[in-house]
Amino acid sequence: MVVGYARISSEEQAIDANALVKQVARLRDAGAAKIFYDVAQRTNNKRKGLAELIAWVKERPVEKLIFTRLDRVSSSVVLFYQLADVCRECRIKMIAIDDPIDMDSVGGEMGVDVRLAVAKHEVKMLSLRVSKDIEVRRKRHKPHYVSPFGYKVVGEYHDRYELDRTPIVCLLEGRRELTVADVARFAIDTYLEIGSCRKTVMALHETFGITLRKPNRYGKEVSHSIDDSSELENLAKRQRATKQPGLGWSANGLQSWLHNPVLAGGTAFDDTPAKYKNRSYKEIYRDSKIVWNTHPNEALMTMAERQEIAEITARNRGNKWGKQGSSKQNSMYSGLIKCHRCGSSCYVQCSQVRKKTGDTIVYYQCNNYYKNRLCDNQQMINDKQIEAQLIPHLTSAAGRLMSLTVEIDEQPESEEILTLRRQLTHLEAIPGRNQVIVDAVESIKMQIQGMLMVEGCKRQQSEIAKERFIQAFGDRDFWESIENPGDKKILLTETISEILVDGKRLMSVKLKVY
């Protein structure tokens with residue numbers, strides 16, 4: 001049997017929606033009966049398709065593994081050597097259609113090792129060149145490569161902003177064709193008329209009839225493989241479906257966009273971006289060095305309009321409705337609850353005080369529904385309903401943990417570390433003192449040391465979390481005896497990763513102790 005593997009980057013998919021389909025078709029023509037694939041950048045080491053391929057070939061007789069080029073299968077070095085070891089053990093020949101390689105000989109394997117080390121060095125140098133280029137552009141007051149909605153960067157050296165006059169949508173009413181700049185100006189006028197980001201977003205969605213709907217991340221996992229030619233058409237449909245519509249607005253995104261100085265003819269140049277790591281865009285634009293009149297004839301709004309928008313934003317912060325969910329009352333489930341339908345976080349929307357008991361009931365709602373109406377999960381769930389469904393689930397899980405009495409003195413090393421050790425053995429056995437090989441050996445040793453430290457910390461944290469979990473939820477009376485809601489919140493955040501809710505029902509709980 002012949003198996004194939006295909007990979008494209010997200011940039012390739014953005015340029016050509018059929019890039020993956022074309023690569024899969026070439027592998028099919030070369031004789032591949034089953035093809036695994038991934039869509040991910042080279043610097044991203046998450047490869048579900050490649051991991052599925054490794055697990056699949058271990059259990060079945062395969063003669064050849066084919067791919068178009070070496071870089072398609074070697075973007076994740078750890079997974080590549082793991083795949084190479086599996087192919088060597090199972091006597092599977094690795095063939096690159098456009099880039100011949102030889103993994104059957106020591107010299108051929110050394111050539112592959114050198115090419116991978118050079119590729120890793122090339123990625124680092126490219127990152128360095130990009131960062132230096134951005135630094136030089138900032139000092140020379142040139143615009144950023146990424147322009148805000150409504151603009152594009154033009155010029156031989158990408159040195160000025162220009163309004164984007166590309167047609168983007170046609171309204172049926174009046175048969176009006178709007179460009180990107182027209183839609184941007186329409187959004188500004190709508191906000192100045194309404195005076196609220198959330199209501200402006202709803203008005204834009206109603207006007208254009210287009211909304212941005214997040215895919216359900218908790219649905220059925222899609223396989224990264226193709227078995228027959230009939231699935232090529234389905235793959236093409238899935239790839240086209242992953243492209244989101246271009247007019248999906250959110251309230252937070254609209255607010256950040258309105259505060260961008262580019263819209264008023266200026267450009268922000270931030271010399272110390274690290275200190276703005278956890279701050280919003282509007283705060284960065286307010287504190288950064290802004291050079292005005294860099295493109296006065298291409299401004300979407302006047303300085304008076306920019307000042308009016310700033311005043312509206314400041315006024316909205318003082319509104320009573322704008323403070324919902326930000327009160328000082330304890331909300332122990334904040335940051336843990338997510339919507340089962342769209343994957344968005346559920347935030348506190350309001351609270352109610354019971355006069356008889358004096359208890360405060362906190363209500364949570366899907367943020368994707370509340371702000372933009374982009375989800376149909378409109379029902380709210382309160383903390384009492386969550387606790388009534390959550391605690392029995394946690395008590396049952398604690399009972400299962402207590403029943404596990406298997407003790408392991410020494411944990412075995414992970415497959416990734418074992419793969420790196422095998423790579424290290426191969427490299428150290430190569431005669432000579434080639435500097436590239438020496439650097440690769442040192443790099444792998446540092447990776448092994450880092451992974452061992454991370455695994456040790458994870459095991460220690462897991463054991464601590466498991467003990468806390470069993471102590472807290474092994475006996476329901478212990479949980480009910482905790483009077484301080486703050487202590488309950490600390491306990492929940494230490495043991496629970498997320499809680500999925502659908503309406504007033506708790507669907508599932510993801511624990512940190514497993």
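The values are calculated or read from the model by the stated rules, or taken from the named source; none is laboratory data. Quick caveat, the model's predicted, so the values are computed rather than measured. Here the Cβ is made from the backbone with ideal geometry for all residues, glycine too, and neighbour counts use every protein chain on show.
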Those residues of region 366-386 which are farther than 19 Å from Val509 by Cβ and not in a loop (DSSP other than H, G, I, E, B), in sequence order | Asn367, Asn368, Tyr369, Tyr370, Lys371, Asn372
Scanning region 273-297 residue by residue, those surrounded by fewer than 16 Cβ atoms within 10 Å (Cβ to Cβ), modelled with pLDDT of 50 or more and within 17 Å of Arg138 (Cβ to Cβ) turn out to be Asp287, Lys289, Val291, Trp292
Out of Val353, Val348, sole residue that is at pLDDT below 90 and within 20 Å of Leu491 (Cα to Cα) = Val348
Condition set free of Cβ contacts under 8 Å to residues at least 60 places away in the same chain and surrounded by 15 or more Cβ atoms within 10 Å (Cβ to Cβ), scope region 415-429, selection farthest from the chain's Cα centre (by Cα): answer is Leu424
In region 90-107, the residues that are out of contact with any Gly (no Cβ under 9 Å at 6 or more places or on another chain) and surrounded by 14 or more Cβ atoms within 10 Å (Cβ to Cβ) | Cys90, Ile92, Lys93, Met94, Ile95, Ala96, Ile97, Met103
Among the candidates Thr211, Thr200, single out the residue that is of a type outside the set (Phe, Trp, Tyr), surrounded by 17 or more Cβ atoms within 10 Å (Cβ to Cβ), at pLDDT 85 or above and in contact with a helix residue (DSSP H, G or I) (Cβ under 6 Å, 6 or more places away or on another chain).
-> Thr200
Among (1) at pLDDT 90 or above; (2) under 30 Å from Phe208 (Cβ atoms), the one test that Leu65 misses | (2)
Given (1) free of Cβ contacts under 8 Å to residues at least 60 places away in the same chain; (2) assigned to a loop (DSSP other than H, G, I, E, B), where does Tyr347 come up short, assuming only one miss?
-> (2)
Taking Ser75 as meeting all but one of (1) small (Gly, Ala, Ser); (2) modelled with pLDDT of 85 or more; (3) surrounded by 18 or more Cβ atoms within 10 Å (Cβ to Cβ), write down the number of the exception.
-> (2)
If you take just the strands (runs of 3 or more DSSP E) that sit entirely in region 146-212, which of them hold at least 3 residues that are in contact (Cβ under 8 Å) with a residue 24 or more places away in the chain?
-> 160-163, 167-171
Candidates Leu20, Leu83, filtered to the one that is in contact (Cβ under 8 Å) with a residue 60 or more places away in the chain, surrounded by 15 or more Cβ atoms within 10 Å (Cβ to Cβ), of a type in the set (A, V, I, L, M, F, W, C) and assigned by TED's automatic domain parsing to the domain that holds Pro100 | Leu20
Scan Gln378, Gln365 and give me the residue that is touching a Phe, Trp or Tyr at 6+ places or on another chain (Cβ under 6 Å) and either surrounded by fewer than 15 Cβ atoms within 10 Å (Cβ to Cβ) or of a type outside the set (Val, Ile, Thr) (or both).
-> Gln378
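The rows are residues; the columns are (1) modelled with pLDDT of 60 or more; (2) under 28 Å from Val501 (Cα atoms).
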residue: Val183; (1), (2): yes, no
residue: Ala187; (1), (2): yes, no
residue: Ile194; (1), (2): yes, no
residue: Lys220; (1), (2): no, yes
residue: Ile226; (1), (2): yes, no
residue: Ala241; (1), (2): no, yes
residue: Ser250; (1), (2): yes, yes
Conditions (1) surrounded by 15 or more Cβ atoms within 10 Å (Cβ to Cβ); (2) modelled with pLDDT under 85; number of the one not met by Val153 = (2)
Report whether or not Glu11 is at pLDDT 90 or above and either out of contact with any helix residue (DSSP H, G or I) (no Cβ under 7 Å at 6 or more places or on another chain) or closer than 20 Å to Asp99 by Cβ (or both).
-> no
Could you list all residues from region 350-364 that are over 30 Å from the mean Cα position of the chain (by Cα) and either closer than 16 Å to Gln379 by Cβ or assigned to a strand (DSSP E or B) (or both)?
-> Ser351, Gln352, Val353, Thr360, Ile361
Spot the failing condition for Ser75; the list is (1) closer than 30 Å to Pro431 by Cα; (2) without any contact (Cβ under 8 Å) to a residue 60 or more places away in the chain, and only one is missed.
-> (2)
Ala429 versus (1) at pLDDT 75 or above; (2) within 15 Å of Leu116 (Cβ to Cβ); (3) not hydroxyl-bearing (Ser, Thr, Tyr): which is the lone unmet condition?
-> (2)
Can you tell me which residue within region 84-112, out of those that are at pLDDT 85 or above and acidic (Asp, Glu), is farthest from Glu59 (Cα to Cα)?
-> Asp98
Report yes if Asp98 is in contact with a Lys or Arg (Cβ under 8 Å, 6 or more places away or on another chain) and farther than 25 Å from Arg422 by Cβ, otherwise no.
-> yes
Do we have Val123 as among the aliphatic types (A, V, I, L, M), over 25 Å from the mean Cα position of the chain (by Cα) and exposed (fewer than 14 other Cβ atoms within 10 Å of the Cβ) here?
-> no
